[in-house]
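First up is the structure itself, then whatever we jot down about it.
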Amino acid sequence: MNRQIAGVRGVAALLPADCARWAAVEDRLRALMEAYGFREIRLPIIERTELYGRAVGEVTDIVEKEMYTFLDRNGDSLSLRPEGTAGCVRAGIEAGLFHNQTQRLWYQGAMFRHERPQKGRYRQFHQWGVEVYGMAGAAIEAELIALGARILRELGVKARLLVNSLGTPACRERYRDALVEHLVAHRDRLDEDSVRRLERNPLRVLDSKNPAMKDVLDAAPMIADHWSAESREHFASLKDHLSALGVAFEVAPRLVRGLDYYTHTVFEWAADETLAQATIAAGGRYDGLVAELGGAATTAVGFAIGMERLMGLVTRLPQAAGLDVYVMTPAALQGRALGLAEALRDRGVRVETHLAAASPKSQGKRARESGARCIVEAVDEEGVAILGTGAIESGTVSWAQAAARISEILGAEAKIHDQ
Ligand code: HAM
(Lines give C-alpha, C1' and ligand atoms only; values in the text may rest on other atoms or scores of the structure.)
Protein backbone atom coordinates (compact mmCIF):
# COMPACT_ATOMS: atom_id res chain seq x y z
CA MET A 1 0.00 0.00 0.00
CA ASN A 2 1.12 3.54 -0.67
CA ARG A 3 2.01 5.87 2.16
CA GLN A 4 -0.98 7.93 3.32
CA ILE A 5 -0.79 11.69 3.03
CA ALA A 6 -1.73 13.57 6.18
CA GLY A 7 -4.16 16.49 6.10
CA VAL A 8 -3.01 19.99 6.98
CA ARG A 9 -2.90 20.74 10.72
CA GLY A 10 -5.96 22.67 11.89
CA VAL A 11 -7.76 22.00 8.60
CA ALA A 12 -10.47 19.34 8.77
CA ALA A 13 -12.97 17.71 6.43
CA LEU A 14 -16.58 17.85 7.53
CA LEU A 15 -17.82 14.26 7.49
CA PRO A 16 -21.30 13.22 6.33
CA ALA A 17 -22.80 12.96 9.82
CA ASP A 18 -21.61 16.50 10.61
CA CYS A 19 -22.64 17.80 7.20
CA ALA A 20 -26.24 16.78 7.89
CA ARG A 21 -26.24 18.78 11.16
CA TRP A 22 -24.54 21.76 9.52
CA ALA A 23 -26.95 21.69 6.58
CA ALA A 24 -29.95 21.70 8.92
CA VAL A 25 -28.55 24.79 10.69
CA GLU A 26 -27.50 26.47 7.44
CA ASP A 27 -30.98 25.99 5.97
CA ARG A 28 -32.45 27.70 9.01
CA LEU A 29 -29.87 30.52 8.83
CA ARG A 30 -30.73 31.07 5.15
CA ALA A 31 -34.42 31.33 6.02
CA LEU A 32 -33.61 33.83 8.79
CA MET A 33 -31.48 35.91 6.42
CA GLU A 34 -34.51 36.23 4.15
CA ALA A 35 -36.76 36.99 7.09
CA TYR A 36 -34.54 39.99 7.91
CA GLY A 37 -34.22 41.23 4.32
CA PHE A 38 -30.61 40.13 3.69
CA ARG A 39 -29.29 39.06 0.29
CA GLU A 40 -26.41 36.68 -0.29
CA ILE A 41 -23.01 37.75 -1.62
CA ARG A 42 -20.38 35.15 -2.56
CA LEU A 43 -16.91 36.47 -1.96
CA PRO A 44 -13.55 35.32 -3.31
CA ILE A 45 -11.32 33.23 -1.08
CA ILE A 46 -8.16 35.03 -2.20
CA GLU A 47 -7.61 38.77 -2.16
CA ARG A 48 -4.63 41.05 -2.54
CA THR A 49 -2.65 40.98 0.70
CA GLU A 50 -2.68 44.78 1.02
CA LEU A 51 -6.48 44.66 1.48
CA TYR A 52 -6.11 43.12 4.92
CA GLY A 53 -3.26 45.38 6.02
CA ARG A 54 -5.39 48.39 5.23
CA ALA A 55 -8.74 47.02 6.50
CA VAL A 56 -7.96 44.79 9.47
CA GLY A 57 -4.84 46.77 10.42
CA GLU A 58 -1.09 46.26 9.90
CA VAL A 59 -0.47 45.90 13.62
CA THR A 60 -2.98 43.18 14.49
CA ASP A 61 -2.46 39.50 15.25
CA ILE A 62 -4.31 38.55 12.07
CA VAL A 63 -2.14 40.56 9.71
CA GLU A 64 1.17 40.28 11.59
CA LYS A 65 1.09 36.59 12.39
CA GLU A 66 -1.81 34.65 10.99
CA MET A 67 -2.33 35.18 7.28
CA TYR A 68 -1.68 32.58 4.59
CA THR A 69 0.19 34.83 2.20
CA PHE A 70 1.92 33.81 -1.01
CA LEU A 71 3.20 35.20 -4.28
CA ASP A 72 1.25 33.99 -7.29
CA ARG A 73 2.88 33.26 -10.63
CA ASN A 74 2.82 36.96 -11.56
CA GLY A 75 4.62 37.85 -8.34
CA ASP A 76 1.51 39.47 -6.82
CA SER A 77 1.15 39.04 -3.06
CA LEU A 78 -2.18 37.33 -2.35
CA SER A 79 -3.68 36.05 0.90
CA LEU A 80 -6.34 33.52 1.79
CA ARG A 81 -9.12 35.51 3.43
CA PRO A 82 -8.77 35.59 7.25
CA GLU A 83 -12.26 37.14 7.57
CA GLY A 84 -15.08 38.33 5.32
CA THR A 85 -15.71 42.00 6.05
CA ALA A 86 -12.75 43.44 4.12
CA GLY A 87 -13.56 41.41 1.02
CA CYS A 88 -17.23 42.32 1.26
CA VAL A 89 -16.39 46.04 1.32
CA ARG A 90 -13.85 45.66 -1.48
CA ALA A 91 -16.32 43.79 -3.71
CA GLY A 92 -19.16 46.19 -2.83
CA ILE A 93 -17.11 49.25 -3.79
CA GLU A 94 -16.05 47.66 -7.06
CA ALA A 95 -19.64 46.73 -7.95
CA GLY A 96 -21.03 50.13 -6.93
CA LEU A 97 -23.28 48.59 -4.27
CA PHE A 98 -22.90 51.48 -1.84
CA HIS A 99 -23.92 54.45 -4.01
CA ASN A 100 -26.99 56.17 -2.55
CA GLN A 101 -28.48 52.91 -1.39
CA THR A 102 -28.61 50.71 1.64
CA GLN A 103 -27.50 47.10 1.54
CA ARG A 104 -28.09 44.09 3.78
CA LEU A 105 -25.70 41.35 2.74
CA TRP A 106 -24.79 37.92 4.07
CA TYR A 107 -22.01 35.50 3.18
CA GLN A 108 -20.64 32.28 4.46
CA GLY A 109 -17.59 30.18 3.86
CA ALA A 110 -14.13 29.13 4.88
CA MET A 111 -11.69 31.60 6.44
CA PHE A 112 -8.01 30.96 7.12
CA ARG A 113 -5.83 31.99 10.04
CA HIS A 114 -2.52 30.41 11.01
CA GLU A 115 -3.37 30.16 14.71
CA ARG A 116 -2.34 27.47 17.17
CA PRO A 117 -5.01 24.80 16.60
CA GLN A 118 -7.04 23.67 19.62
CA LYS A 119 -10.68 22.92 20.31
CA GLY A 120 -12.73 25.72 18.75
CA ARG A 121 -9.73 27.26 17.02
CA TYR A 122 -8.73 26.05 13.59
CA ARG A 123 -6.62 27.20 10.68
CA GLN A 124 -9.50 26.72 8.28
CA PHE A 125 -12.81 27.62 9.90
CA HIS A 126 -16.16 28.85 8.67
CA GLN A 127 -17.97 32.09 9.28
CA TRP A 128 -21.54 33.13 8.62
CA GLY A 129 -21.42 36.90 8.27
CA VAL A 130 -23.98 39.68 7.91
CA GLU A 131 -23.11 43.23 6.88
CA VAL A 132 -25.34 46.29 6.58
CA TYR A 133 -24.36 49.46 4.67
CA GLY A 134 -25.83 52.95 4.71
CA MET A 135 -27.57 52.86 8.11
CA ALA A 136 -25.97 55.09 10.70
CA GLY A 137 -28.10 54.76 13.82
CA ALA A 138 -28.22 52.41 16.74
CA ALA A 139 -31.54 50.89 15.56
CA ILE A 140 -29.87 48.74 12.89
CA GLU A 141 -27.27 47.61 15.44
CA ALA A 142 -30.11 46.53 17.71
CA GLU A 143 -31.78 44.71 14.83
CA LEU A 144 -28.58 42.86 13.96
CA ILE A 145 -28.09 41.93 17.59
CA ALA A 146 -31.71 40.76 17.79
CA LEU A 147 -31.04 38.57 14.73
CA GLY A 148 -27.97 37.06 16.41
CA ALA A 149 -29.89 36.52 19.64
CA ARG A 150 -32.69 34.83 17.71
CA ILE A 151 -30.26 32.48 15.97
CA LEU A 152 -28.71 31.42 19.28
CA ARG A 153 -32.08 31.10 21.00
CA GLU A 154 -33.61 28.95 18.25
CA LEU A 155 -30.61 26.65 18.24
CA GLY A 156 -30.66 26.31 22.01
CA VAL A 157 -27.24 27.96 22.46
CA LYS A 158 -26.72 29.77 25.74
CA ALA A 159 -24.46 32.80 25.48
CA ARG A 160 -23.89 36.17 27.11
CA LEU A 161 -24.07 39.25 24.91
CA LEU A 162 -21.27 41.73 25.64
CA VAL A 163 -21.47 45.27 24.23
CA ASN A 164 -19.18 48.27 24.31
CA SER A 165 -18.44 51.40 22.32
CA LEU A 166 -15.11 52.48 20.89
CA GLY A 167 -16.53 55.92 20.14
CA THR A 168 -15.57 58.07 17.16
CA PRO A 169 -12.03 58.17 15.76
CA ALA A 170 -11.57 61.39 17.77
CA CYS A 171 -12.58 59.59 20.99
CA ARG A 172 -10.13 56.84 20.17
CA GLU A 173 -7.40 59.39 19.57
CA ARG A 174 -7.95 60.86 23.05
CA TYR A 175 -8.14 57.39 24.55
CA ARG A 176 -4.97 56.39 22.76
CA ASP A 177 -3.06 59.27 24.40
CA ALA A 178 -4.31 58.32 27.87
CA LEU A 179 -3.51 54.66 27.25
CA VAL A 180 -0.01 55.41 25.99
CA GLU A 181 0.64 57.54 29.06
CA HIS A 182 -0.41 54.64 31.30
CA LEU A 183 1.55 52.01 29.36
CA VAL A 184 4.71 54.14 29.18
CA ALA A 185 4.56 54.51 32.95
CA HIS A 186 4.65 50.69 33.18
CA ARG A 187 6.95 50.05 30.26
CA ASP A 188 9.19 47.71 32.25
CA ARG A 189 6.22 45.35 32.76
CA LEU A 190 5.35 45.06 29.05
CA ASP A 191 6.52 42.16 26.89
CA GLU A 192 8.42 42.69 23.65
CA ASP A 193 5.33 42.49 21.43
CA SER A 194 3.53 45.06 23.53
CA VAL A 195 6.43 47.51 23.54
CA ARG A 196 6.40 47.39 19.73
CA ARG A 197 2.61 47.81 19.66
CA LEU A 198 2.82 50.65 22.13
CA GLU A 199 4.54 52.66 19.43
CA ARG A 200 2.54 51.53 16.40
CA ASN A 201 -0.96 50.65 17.66
CA PRO A 202 -1.30 50.97 21.44
CA LEU A 203 -4.95 49.79 21.55
CA ARG A 204 -3.76 46.40 20.39
CA VAL A 205 -1.66 46.05 23.56
CA LEU A 206 -5.02 45.42 25.24
CA ASP A 207 -5.36 42.19 23.18
CA SER A 208 -2.42 40.66 25.04
CA LYS A 209 -3.19 37.44 26.85
CA ASN A 210 0.14 37.54 28.74
CA PRO A 211 -0.76 36.89 32.41
CA ALA A 212 2.34 38.83 33.51
CA MET A 213 0.74 41.99 32.08
CA LYS A 214 -2.74 41.44 33.47
CA ASP A 215 -2.37 43.89 36.38
CA VAL A 216 -1.09 46.66 34.12
CA LEU A 217 -3.92 46.13 31.63
CA ASP A 218 -6.56 45.89 34.36
CA ALA A 219 -5.46 49.26 35.65
CA ALA A 220 -5.46 50.87 32.18
CA PRO A 221 -7.83 53.79 31.54
CA MET A 222 -11.29 53.03 30.14
CA ILE A 223 -12.44 54.14 26.71
CA ALA A 224 -15.81 55.15 28.19
CA ASP A 225 -14.07 58.01 30.01
CA HIS A 226 -13.09 59.45 26.63
CA TRP A 227 -16.42 59.22 24.79
CA SER A 228 -17.77 62.39 23.17
CA ALA A 229 -21.37 63.43 23.80
CA GLU A 230 -22.29 61.93 20.41
CA SER A 231 -20.68 58.59 21.27
CA ARG A 232 -22.39 58.52 24.65
CA GLU A 233 -25.78 59.21 23.05
CA HIS A 234 -25.25 56.57 20.38
CA PHE A 235 -24.43 53.95 22.97
CA ALA A 236 -27.33 54.98 25.21
CA SER A 237 -29.65 54.67 22.22
CA LEU A 238 -28.38 51.14 21.49
CA LYS A 239 -29.00 50.11 25.10
CA ASP A 240 -32.53 51.57 24.96
CA HIS A 241 -33.33 49.68 21.75
CA LEU A 242 -32.00 46.40 23.15
CA SER A 243 -33.98 46.82 26.35
CA ALA A 244 -37.13 47.61 24.38
CA LEU A 245 -36.62 44.44 22.32
CA GLY A 246 -36.05 42.40 25.46
CA VAL A 247 -32.50 41.42 24.44
CA ALA A 248 -30.34 40.85 27.52
CA PHE A 249 -26.84 42.36 27.37
CA GLU A 250 -23.89 43.21 29.58
CA VAL A 251 -21.73 46.28 29.08
CA ALA A 252 -18.10 45.14 28.80
CA PRO A 253 -15.97 48.28 29.19
CA ARG A 254 -12.79 46.43 28.16
CA LEU A 255 -14.13 44.91 24.97
CA VAL A 256 -12.02 46.37 22.13
CA ARG A 257 -11.98 43.55 19.48
CA GLY A 258 -8.90 42.42 17.60
CA LEU A 259 -9.51 44.22 14.30
CA ASP A 260 -8.81 47.91 13.71
CA TYR A 261 -11.83 48.91 11.62
CA TYR A 262 -14.40 49.33 14.38
CA THR A 263 -15.98 52.61 15.50
CA HIS A 264 -18.78 53.12 18.04
CA THR A 265 -20.56 49.85 18.88
CA VAL A 266 -18.73 46.54 19.27
CA PHE A 267 -20.29 43.31 20.53
CA GLU A 268 -19.60 39.63 21.13
CA TRP A 269 -21.54 36.57 22.23
CA ALA A 270 -19.57 34.50 24.71
CA ALA A 271 -20.63 30.96 25.54
CA ASP A 272 -21.78 30.50 29.09
CA GLU A 273 -19.44 27.62 29.69
CA THR A 274 -15.86 28.21 30.65
CA LEU A 275 -14.55 27.43 27.20
CA ALA A 276 -11.10 28.49 26.11
CA GLN A 277 -12.55 29.70 22.79
CA ALA A 278 -15.76 31.15 24.15
CA THR A 279 -16.61 33.76 21.53
CA ILE A 280 -19.23 32.33 19.21
CA ALA A 281 -20.02 35.45 17.20
CA ALA A 282 -18.71 39.00 17.13
CA GLY A 283 -18.92 42.25 15.26
CA GLY A 284 -19.59 45.94 15.39
CA ARG A 285 -19.86 49.19 13.52
CA TYR A 286 -17.14 50.14 11.05
CA ASP A 287 -18.12 53.47 9.54
CA GLY A 288 -14.64 54.35 8.29
CA LEU A 289 -13.81 51.22 6.30
CA VAL A 290 -15.56 51.88 2.99
CA ALA A 291 -13.75 55.22 2.64
CA GLU A 292 -10.49 53.68 3.89
CA LEU A 293 -10.70 51.18 1.01
CA GLY A 294 -11.33 53.89 -1.59
CA GLY A 295 -15.13 54.14 -1.65
CA ALA A 296 -17.33 57.09 -0.77
CA ALA A 297 -17.92 57.46 2.98
CA THR A 298 -20.57 54.85 3.89
CA THR A 299 -21.73 53.76 7.31
CA ALA A 300 -21.50 50.05 8.03
CA VAL A 301 -22.14 47.48 10.73
CA GLY A 302 -22.07 43.69 10.86
CA PHE A 303 -21.06 40.54 12.67
CA ALA A 304 -19.86 37.03 11.94
CA ILE A 305 -20.68 33.73 13.58
CA GLY A 306 -17.91 31.15 13.98
CA MET A 307 -19.70 28.10 12.61
CA GLU A 308 -17.50 25.44 14.27
CA ARG A 309 -18.02 27.08 17.66
CA LEU A 310 -21.74 27.49 17.04
CA MET A 311 -22.17 23.86 15.95
CA GLY A 312 -20.31 22.69 19.03
CA LEU A 313 -22.98 24.33 21.22
CA VAL A 314 -26.21 23.62 19.32
CA THR A 315 -28.64 21.73 21.53
CA ARG A 316 -31.75 22.12 19.38
CA LEU A 317 -31.33 21.14 15.76
CA PRO A 318 -33.83 22.56 13.25
CA GLN A 319 -35.88 19.77 11.69
CA ALA A 320 -33.78 18.64 8.76
CA ALA A 321 -35.61 17.92 5.52
CA GLY A 322 -35.52 14.13 5.75
CA LEU A 323 -35.98 11.40 3.20
CA ASP A 324 -39.55 10.41 2.30
CA VAL A 325 -39.04 7.07 0.61
CA TYR A 326 -36.37 4.39 0.61
CA VAL A 327 -36.62 1.91 -2.27
CA MET A 328 -35.20 -1.58 -1.67
CA THR A 329 -34.72 -3.63 -4.81
CA PRO A 330 -33.16 -6.85 -6.06
CA ALA A 331 -30.46 -6.27 -8.68
CA ALA A 332 -32.74 -7.48 -11.50
CA LEU A 333 -35.32 -4.76 -10.78
CA GLN A 334 -32.92 -1.82 -10.33
CA GLY A 335 -34.03 -0.31 -13.65
CA ARG A 336 -37.69 -0.34 -12.60
CA ALA A 337 -36.78 1.00 -9.14
CA LEU A 338 -34.87 3.85 -10.78
CA GLY A 339 -37.90 4.69 -12.91
CA LEU A 340 -40.13 4.69 -9.83
CA ALA A 341 -37.73 6.94 -7.94
CA GLU A 342 -37.67 9.45 -10.79
CA ALA A 343 -41.48 9.41 -11.05
CA LEU A 344 -41.73 10.06 -7.31
CA ARG A 345 -39.19 12.89 -7.54
CA ASP A 346 -41.35 14.41 -10.30
CA ARG A 347 -44.03 14.64 -7.62
CA GLY A 348 -41.72 16.35 -5.12
CA VAL A 349 -40.98 13.21 -3.06
CA ARG A 350 -37.44 12.73 -1.66
CA VAL A 351 -36.22 9.26 -2.56
CA GLU A 352 -33.14 7.12 -2.04
CA THR A 353 -32.80 3.87 -3.96
CA HIS A 354 -30.55 0.98 -2.93
CA LEU A 355 -28.50 0.41 -6.08
CA ALA A 356 -25.81 -1.92 -4.78
CA ALA A 357 -26.24 -5.69 -4.81
CA ALA A 358 -27.18 -6.59 -1.23
CA SER A 359 -29.41 -9.02 0.63
CA PRO A 360 -32.93 -7.89 1.55
CA LYS A 361 -31.79 -8.01 5.18
CA SER A 362 -28.93 -5.56 4.75
CA GLN A 363 -31.05 -3.38 2.47
CA GLY A 364 -33.74 -3.33 5.17
CA LYS A 365 -31.17 -2.24 7.75
CA ARG A 366 -29.93 0.60 5.55
CA ALA A 367 -33.56 1.59 4.79
CA ARG A 368 -34.41 1.87 8.49
CA GLU A 369 -31.24 3.83 9.20
CA SER A 370 -32.06 6.28 6.41
CA GLY A 371 -34.92 7.69 8.47
CA ALA A 372 -37.25 7.56 5.43
CA ARG A 373 -40.93 8.02 6.24
CA CYS A 374 -41.88 5.14 3.97
CA ILE A 375 -39.96 2.05 2.81
CA VAL A 376 -40.97 0.32 -0.39
CA GLU A 377 -39.59 -2.88 -1.85
CA ALA A 378 -39.49 -3.87 -5.51
CA VAL A 379 -40.92 -7.38 -5.41
CA ASP A 380 -41.13 -8.65 -9.02
CA GLU A 381 -42.24 -7.59 -12.51
CA GLU A 382 -45.77 -7.18 -11.11
CA GLY A 383 -45.15 -4.42 -8.65
CA VAL A 384 -43.84 -3.11 -5.30
CA ALA A 385 -44.66 -3.75 -1.68
CA ILE A 386 -45.28 -0.69 0.44
CA LEU A 387 -43.77 -1.67 3.77
CA GLY A 388 -44.68 1.60 5.41
CA THR A 389 -43.17 2.96 8.60
CA GLY A 390 -44.92 4.58 11.53
CA ALA A 391 -48.48 5.53 10.62
CA ILE A 392 -48.09 4.67 6.95
CA GLU A 393 -50.17 1.68 5.80
CA SER A 394 -48.67 -1.40 4.16
CA GLY A 395 -49.84 -3.01 0.92
CA THR A 396 -48.80 -3.92 -2.60
CA VAL A 397 -49.30 -1.95 -5.74
CA SER A 398 -48.57 -2.34 -9.47
CA TRP A 399 -45.63 -0.55 -11.06
CA ALA A 400 -48.02 1.57 -13.11
CA GLN A 401 -49.78 2.87 -10.04
CA ALA A 402 -46.86 2.88 -7.61
CA ALA A 403 -45.72 6.50 -7.90
CA ALA A 404 -49.23 7.92 -7.66
CA ARG A 405 -50.22 5.67 -4.76
CA ILE A 406 -47.04 6.25 -2.70
CA SER A 407 -47.17 10.00 -3.11
CA GLU A 408 -50.87 9.90 -2.21
CA ILE A 409 -50.11 7.99 1.00
CA LEU A 410 -47.28 10.40 1.89
CA GLY A 411 -49.50 13.36 1.02
CA ALA A 412 -52.18 12.07 3.34
CA GLU A 413 -49.70 11.70 6.18
CA ALA A 414 -48.07 15.10 5.73
CA LYS A 415 -47.60 17.48 2.88
CA ILE A 416 -45.12 16.72 0.15
CA HIS A 417 -42.52 19.39 -0.34
CA ASP A 418 -42.67 21.96 -3.05
CA GLN A 419 -40.02 21.36 -5.63
P1 HAM B 1 -13.66 37.87 14.47
O2 HAM B 1 -13.98 38.15 15.88
O3 HAM B 1 -12.23 37.88 14.08
O4 HAM B 1 -14.46 38.92 13.62
O5 HAM B 1 -14.27 36.48 14.05
C6 HAM B 1 -15.65 36.22 14.20
C7 HAM B 1 -15.85 34.84 14.77
O8 HAM B 1 -15.20 33.86 13.97
C9 HAM B 1 -15.27 34.64 16.16
O10 HAM B 1 -16.13 35.13 17.15
C11 HAM B 1 -15.13 33.13 16.22
O12 HAM B 1 -16.37 32.53 16.58
C13 HAM B 1 -14.81 32.77 14.79
N14 HAM B 1 -13.37 32.50 14.65
C15 HAM B 1 -12.38 33.39 14.51
N16 HAM B 1 -11.19 32.78 14.40
C17 HAM B 1 -11.43 31.45 14.47
C18 HAM B 1 -10.62 30.26 14.41
N19 HAM B 1 -9.29 30.32 14.23
N20 HAM B 1 -11.23 29.05 14.54
C21 HAM B 1 -12.57 28.97 14.70
N22 HAM B 1 -13.38 30.05 14.75
C23 HAM B 1 -12.82 31.27 14.63
C24 HAM B 1 -14.44 39.00 12.26
O25 HAM B 1 -13.93 38.17 11.54
C26 HAM B 1 -15.22 40.16 11.69
N27 HAM B 1 -15.10 40.13 10.21
C28 HAM B 1 -16.66 40.12 12.15
C29 HAM B 1 -17.46 41.26 11.59
C30 HAM B 1 -18.32 41.22 10.56
N31 HAM B 1 -17.39 42.52 12.01
C32 HAM B 1 -18.21 43.27 11.28
N33 HAM B 1 -18.77 42.49 10.37
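Name the trypsin sites (Lys or Arg not before Pro) in segment 26-126 that are in a loop by DSSP and that have at most 14 other C-beta atoms within 10 Å, would you? Sparse-neighbourhood loop trypsin sites (Lys or Arg not before Pro): Arg42, Arg73, Lys119. Computed over the chain, relative contact order equals 15 percent, with contacts defined as Cα pairs under 8 Å that lie 6+ residues apart.
On a full-extension model of 0.36 nm per residue, what is the gain between Ala212 and Arg368, subtracting their alpha-carbon distance, rounded to one decimal in nm?
On the way: separation 156, 0.36 × 156 = 56.16 nm, distance 5.78 nm.
The Ala212-Arg368 span can extend by a further 50.4 nm.
Helix 360-369 versus the longest principal axis of the chain: what is the Cα-based angle in degrees, 0 to 90, to the nearest 10? Approximately 30 degrees, to the nearest 10.
Placing pseudo-labels 7 Å out from each Cα toward the beta carbon at Ser398 and Ala170 gives an inter-label distance of 8.6 nm.
What whole-number value in Å² describes the accessible area per residue of the chain for a 1.4 Å probe?
Values: 20930 Å² over 419 residues.
The answer is 50 Å² per residue.
Gyration tensor over the Cα atoms of segment 263-419: the corresponding equivalent ellipsoid has semi-axes (square roots of 5 times the eigenvalues, largest first) of 51, 19, 14 Å.
Classify segment 232-344 as rounded, prolate or oblate, taking a ≥ b ≥ c as the square roots of the eigenvalues of its Cα gyration tensor: rounded when a/c is under 1.5, otherwise prolate if a/b is larger than b/c and oblate if not. Judged from the Cα gyration tensor, segment 232-344 comes out prolate (a/c at least 1.5, a/b above b/c). Here the 3J(HN,Hα) profile of segment 290-299, calculated from phi with Karplus coefficients 6.51, -1.76 and 1.60 at θ = phi - 60°, is 4, 5, 4, 9, x, x, 6, 3, 9, 6 Hz, Gly and Pro shown as x.
Please find the FRET efficiency linking Glu352 to Leu245, where r is the Cβ-Cβ separation and R0 is fixed at 35 Å, and quote it to the nearest 0.05. E between Glu352 and Leu245, to the nearest 0.05, is 0.20. With an a/c value of 1.5 or above and a/b not larger than b/c for the gyration tensor axes a ≥ b ≥ c computed over the alpha-carbon atoms, segment 115-247 is described as oblate. If the segment from Arg30 to Arg48 were pulled out straight at 0.36 nm per residue, it would be longer than the present Cα-Cα gap by 3.6 nm.
Quick one: dipole size for the chain, taken about the Cα centre, charges +1 on Lys/Arg Cβ and -1 on Asp/Glu Cβ, in debye to the nearest 20.
Values: 52 positive and 56 negative charges, 151 e Å.
I would put it at about 720 debye.
Annotation: amide H of Met111 within the under-5 Å range of Phe125, His126, Gln127, sequence separation 5 or more or interchain, hydrogens built in the peptide plane.
At R0 = 30 Å, how high is the FRET efficiency between Glu58 and Arg160 if r is their beta carbon distance? Nearest 0.05 is fine. Mind showing how you got there, number by number?
Values: r = 32 Å, r/R0 = 1.06.
In this case the efficiency is close to 0.40.
Straight Cα distances below 27 angstrom link Lys214 to the lysines Lys65, Lys119, with same-chain residues fewer than 8 positions distant left out.
Note on Ala146 and Asp18: their simple-model spin labels are 3.5 nm apart, each label 7 Å out from Cα toward Cβ.
With contacts defined as alpha carbon pairs under 8 Å and 6 or more residues apart, what's the relative contact order of segment 139-252 in percent?
Computed value for segment 139-252: 47 percent relative contact order.
Within the shell defined by Cβ-Cβ distances under 15 Å, the residues around Gly37 carry a net charge of 0, with Lys and Arg each +1 and Asp and Glu each -1.
For the chain, take N as its residue count and report Rg(C-alpha) divided by 2.2 N^0.38 Å. Walk me through the numbers on the way to the answer.
Values: Rg = 27.1 Å, N = 419, 2.2 N^0.38 = 21.8 Å.
Compactness ratio reported: 1.24.
Amide H to amide H, which residues 5 or more places from Leu155 or on other chains are under 5 Å from it, using H placed in the peptide plane? Counting only residues 5 or more places away or on other chains, the set is empty.
Over segment 325-412, Cα pairs under 8 Å with separation of 6+ residues give a relative contact order of 30 percent. Computed on the Cα atoms alone, the convex hull of segment 325-412 gives a volume of 80 cubic angstrom per residue.
Reported to the nearest whole Å, the Cα centre-to-centre distance from segment 95-171 to segment 268-320 is 4.
The smallest convex shape that holds all Cα atoms of segment 1-154, its convex hull, gives 168 Å³ per residue.
Computed over the chain with a Gaussian network model linking Cα atoms closer than 10 Å, the most mobile of Glu64, Glu173, Glu369 is Glu369.
The values are calculated or read from the model by the stated rules, or taken from the named source; none is laboratory data. This one's a predicted model, so the numbers in the text were calculated from it and none came from an experiment. Using ideal geometry, Cβ is built from the backbone for each residue, glycine included, and neighbour counts are taken over all protein chains shown. Ligands, DNA and RNA are excluded from the accessible area calculation, which covers all protein heavy atoms including side chains. Shrake-Rupley method; radii C 1.70, N 1.55, O 1.52, S 1.80 Å.
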